[in-house]
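Following: one structure in structure tokens, then a few remarks.
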Amino acid sequence: MLAAWRAQPLQGRLRITVIEPVEFGAGETYYSSQPDFLRLNTSASQVTAFPDDTVTSSLAGPRGPSLYEWYRTPHNGMAADAYPSRRDTGRYLSAVFKKMVGSAPPDVVVECLRTTAVGMHRVNENEWSIQLRDGQELLCNAVVLAVGGAGAAHADSALLAKEFGISRSFAEEKVIARPYPLEQSTPRLKPREVVGILGLGLTALDIIRACTVGRGGKFLRDGAELRYVPSGDEPQMVAWSRTGLPLMARGANQKPVDQKGDASFLTEDAIDQMRHKNRRVCGSPKLDFVRDLLPLLIREMAKAHDSAVASHSHKPKFYWHRLVWPIDRTALRGADAFKSFFVDYVRRDLADAHQGNVSNPVKSACDVIHDLRDKLRYAVEFGGLRPESHLFFDTAFTPLHNRLAVGPPPEAIEELLALVEAGIVDISCGPAPRVKLDSCSGQLRIRPYAFPGAGRELSVVVNARIAPTNVAATGCPLVRNLVAAGHIVPFTNTLNGTTYRPGGIAVTEDYRAVDSQNRAHANLFALGAITEGCTWYSQVLARPYVNSRSMRDASCVAESLWDYFAGRTNVALTSAHANSRSTGGKNPSHEPGSETTEPIAASA
Ligand SMILES: Cc1cc2nc3c(=O)[nH]c(=O)nc-3n(C[C@H](O)[C@H](O)[C@H](O)COP(=O)(O)OP(=O)(O)OC[C@H]3O[C@@H](n4cnc5c(N)ncnc54)[C@H](O)[C@@H]3O)c2cc1C
């Protein structure tokens, strides 16, 4: 918005009100008071808060340092490919936010309200009224919903009670449904008790780190091996996932920061041609992921794999199905066999990761999925897939994408391996074990499902799966109220009587929210996780020099806002009325202007 103002100042003044309860700039994911052992999952040089010349936008946004450039000093030894803490990332984001607010042009007032928006209704065509947690009301001409994961289902213990077949009251006592913030949840995981961790992804790694390094344990390097020295305050952690395996380690980066592999087969042209063909043959341009897109993606991966193989004396072949299900039948003979398979698998994966995302065939192939995410978005977003195929994409492909392409840095997987070998983390229940109430002991008990084996009693289970966006069942009052009033609606993918509702809200391609009458609002925008389903993977940090999706989205919203303001000469007049009832805010960075001719935009 500041860039849009600089390009084309509006008449009068602009007041931007930012509503955020946790920390301006950093927010609830990167708040800078969190423990420093929680890592970012992206390397420092691949994070930025600024646009660059690659971003396709008519706005010349401000230029500034990437996280790496901001953090690096001659003394701190930060490498471009290092994975910094989320706390330091938050410091960077907060510093950028402060600087940006401080350098706003004189006619732009940025007001920061440290509170939560709990409701919102339309006053008239040009105005929204936002209700704040403290009971105050804020009037504004346009609103941008940027509430992150707040649209997700409130993963309460009732959902897990159903899954485990236990009563709600027992689940309240035995299940931690929402692990974040970890400072509040992990004290319930008591030293030496046997606890369950449902999930082996990034959240599980955070919880495990909080219960080990966060409790005084240490990792020591012994030659090539990493060894864990316990503090004695760790719980015994039984961790599991659908495959029983962790995410694959990210390959060491061998690509220049501005290089993102391009497509040879999964191109926009190829996607367009398939849409034309489908329209001709089936009467709808919608694509089938497995039939139309997956073969092209596999060809891209095989190509990257084979070009890495060219430099190896041993010439392994590319097998897609080995990536999808890497578990040998012999691994499923029992708990010991699975554990020894797990250890070998992780060691092999680490060796691959250390070779790098260009030299190693497997890592090179997996990096393609990451690099071609924009092509997949082009194909699948805004109802690009047939409904049944969209469901498959969300429930089968996206988790696989997460396992292959956006795993943690190798250090995190090395630590997990050291903890498994030290007996602190137990993964020997294998793929998709079952947790049920043991009627004899009256406690939760986990049992392997993929092979016979004894169970273990769990004192508590932590849900380490991030709830997918589900605005129809969200616990966020603001989103719930907007859905109830029909101002926003769950996105629906429909074809020939088949319907799929992925969970996020419907928006237009310029991120205008769509209401229950299927009309696009002119002055209500939404971006990020709340739109998941209509969009795909829109909740990531911006990356420099690759025409970042997050930067394009932000710019697109600012441009649409400007179009809206430009077409509404009466905005300034209605704002005069609005201003007389606005809260003024408790913690303004700039005092709201006293003029009564300002267009107002709010962002929650
Ligand atoms: C634990 C965790 C780790 C992650 N790690 C990475 C990573 O390493 N790399 C990466 O690229 N992505 C990561 N992500 C994804 C993350 O979602 C994005 O990086 C990024 O935070 C998305 O930005 P956002 O502004 O859309 O949402 P958020 O950063 O979630 O910001 C939304 C903000 O809205 C505020 N809010 C919500 N509801 C209201 C309301 N009603 N009123 C006022 N304010 C409200 C929240 O307090 C929050 O600060 C991670 C996510 C999580 C949860």
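The values are calculated or read from the model by the stated rules, or taken from the named source; none is laboratory data. Everything numeric here is computed off the predicted structure, so don't read it as measured data. Cβ: placed from backbone, ideal geometry, glycine included. Neighbour counts: every protein chain shown. Remember, those area values only see protein heavy atoms, side chains included, never the ligands or the DNA or RNA. Shrake-Rupley method; radii C 1.70, N 1.55, O 1.52, S 1.80 Å.
Which value, in Å² rounded to 10, gives the accessible area of S603 with a 1.4 Å probe and all protein chains present?
Its accessible surface works out to 30 Å², give or take rounding.
May I ask you to give the percent of accessible area on the chain that is carbon plus sulfur, with a probe radius of 1.4 Å?
So the carbon and sulfur contribution to the accessible surface is 52 percent.
Would you please classify the overall shape of the stretch 15-88 from the alpha carbon gyration tensor, given that a ≥ b ≥ c denote the square roots of the eigenvalues, rounded means a/c under 1.5, and beyond that prolate means a/b larger than b/c while oblate covers the rest?
Taking the square roots of the gyration eigenvalues as a ≥ b ≥ c, the stretch 15-88 is oblate.
For every helix of n ≥ 4 consecutive DSSP H residues, a contribution of -39,500 (n - 2.57) applies; sum these over the chain, divide by its total residues, and give [θ] at 222 nm rounded to the nearest 500 deg cm²/dmol.
Calculated at 222 nm, the ellipticity per residue is -9500 deg cm²/dmol.
Charges on Cβ only, +1 for Lys and Arg, -1 for Asp and Glu, centred on the Cα centroid of the chain; of W536, L247, S32, which one is farthest towards the dipole's positive end?
L247
Which whole-number percent is the relative contact order of the stretch 79-160 (Cα, under 8 Å, 6+ apart)?
This gives 14 percent for the stretch 79-160.
Leaving out ligands and nucleic acids, note down the accessible area per residue over the stretch 78-154 with a 1.4 angstrom probe, in whole Å².
I get 37 Å² per residue for the stretch 78-154.
Excluding ligands and nucleic acids, what accessible area in Å² is computed for S167 using a 1.4 Å probe, to the nearest 10?
So the heavy atoms of S167 present about 60 Å² to solvent.
Please give the helix 268-282 orientation as an angle from the longest Cα principal axis of the chain, in degrees from 0 to 90, rounded to the nearest 10.
In the chain, helix 268-282 runs at an angle near 90 degrees to the longest axis.
Under 20 Å Cα-Cα from K277, which aspartates and glutamates qualify once same-chain neighbours fewer than 8 residues away are excluded?
The qualifying aspartates and glutamates are E268, D269, D288, D292, E381, E388.
Would you rank C534, C556 by solvent-accessible area, highest first, keeping every protein chain in place and using a 1.4 Å probe?
C556, C534
Arrange the residues T494, T17 by how much accessible surface each exposes, largest first, with a 1.4 angstrom probe.
These residues rank, largest area first, as T494, T17.
Test of the criteria: in the stretch 115-182, which GluC sites (Glu not before Pro) are in a DSSP loop and have at most 12 other Cβ atoms within 10 angstrom of their Cβ? Before the final figure, lay out each step's value.
Details: sites: E125, E127, E137, E163, E172, E173; in loops: E125.
Loop-located and lightly packed - E125.
Estimate the FRET efficiency between A432 and A520 by the formula 1/(1 + (r/R0)^6), using the beta-carbon distance for r and 60 Å for R0, to the nearest 0.05. Don't skip to the end; give the middle numbers.
Working: r = 42 Å, r/R0 = 0.70.
For A432 and A520, the calculated efficiency is 0.90.
State whether the stretch 100-229 is rounded, prolate or oblate according to the following rule on the C-alpha gyration tensor (a ≥ b ≥ c being the square roots of its eigenvalues): a/c under 1.5 gives rounded; otherwise a/b larger than b/c gives prolate, and the remaining case gives oblate. Don't jump to the answer; show the numbers that get you there.
On the way: a/c = 3.43, a/b = 1.68, b/c = 2.04.
Because a/c hits 1.5 or more and a/b fails to exceed b/c, the stretch 100-229 counts as oblate.
Nearest 10 degrees, 0 to 90: what angle lies between the long axis of helix 202-211 and the longest principal axis of the chain (Cα atoms)?
70
What percent does the relative contact order of the stretch 280-425 come to when contacts are Cα pairs within less than 8 Å and at least six residues apart?
Contact order relative to length: 34 percent.
Where only protein heavy atoms count, and the probe is 1.4 Å, what is the accessible area per residue for the stretch 404-559 in Å²?
37
Please work out the FRET efficiency for the pair D262 and V324, using the Cβ-Cβ distance as r and a Förster radius of 25 Å; give the result to the nearest 0.05. Numbers along the way, then the final one.
Details: r = 25 Å, r/R0 = 0.99.
The pair D262/V324 has a calculated efficiency of 0.50.
What accessible area per residue, rounded to a whole number of Å², is obtained for the stretch 259-358 using a probe radius of 1.4 Å?
Result: 58 Å² of accessible area for each residue.
Before anything else, pin down the relative contact order of the chain: Cα pairs under 8 Å, at least 6 apart, normalised by residue count, whole percent.
Relative CO of the chain lands at 25 percent.
Please give the contour-minus-distance gain from L400 to R192: 0.36 nm per residue of separation, less the Cα-Cα distance, rounded to one decimal in nm.
71.6 nm
Apply 1/(1 + (r/R0)^6) to the Cβ-Cβ distance of N124 and Q254, taking R0 = 45 Å, and write down the FRET efficiency to the nearest 0.05.
0.20
Here is the link list: K190/K339; K315/K363; K303/K363; K317/K363; K303/K375. Which ones come out longer than 21 Å on Cα distance?
The pairs that break the limit, which is 21 Å between Cα atoms, are K190/K339.
Find, among the trypsin sites (Lys or Arg not before Pro) in the stretch 14-120, those assigned to loop by DSSP (not H, G, I, E, B) with at most 15 other beta-carbon atoms within 10 angstrom.
Values: sites: R15, R39, R63, R72, R86, R87, R91, K98, K99, R114; in loops: R63, R72, R114.
Passing both the DSSP loop test and the Cβ count: R63, R114.
Using a 1.4 angstrom probe and counting only protein chains, how large is the accessible area of T56 in Å², to 10?
Taking all protein chains as shown, T56 has close to 90 Å².
Take the alpha carbon gyration tensor of the stretch 346-469, find the square roots of its eigenvalues, order them as a ≥ b ≥ c, and report rounded if a/c is under 1.5; if not, report prolate when a/b exceeds b/c, else oblate.
oblate
Can you compute the modelled spin-label distance between E457 and A485, with each label point 7 Å from Cα toward Cβ, in nm?
5.2
For the stretch 156-211, run through the trypsin sites (Lys or Arg not before Pro) and keep only the ones in DSSP coil with at most 16 other Cβ atoms within 10 Å of their Cβ.
Listed in order of number, the matching sites are R192.
Could you give the length gained by full extension between V281 and V540, i.e. 0.36 nm per residue of separation minus their alpha carbon distance, to one decimal place?
Here the answer is 89.6 nm.
Can you return the aspartates and glutamates within cross-link range of K436? Criterion is Cα-Cα under 12 Å, with same-chain partners fewer than 8 residues away left out.
E163, E457
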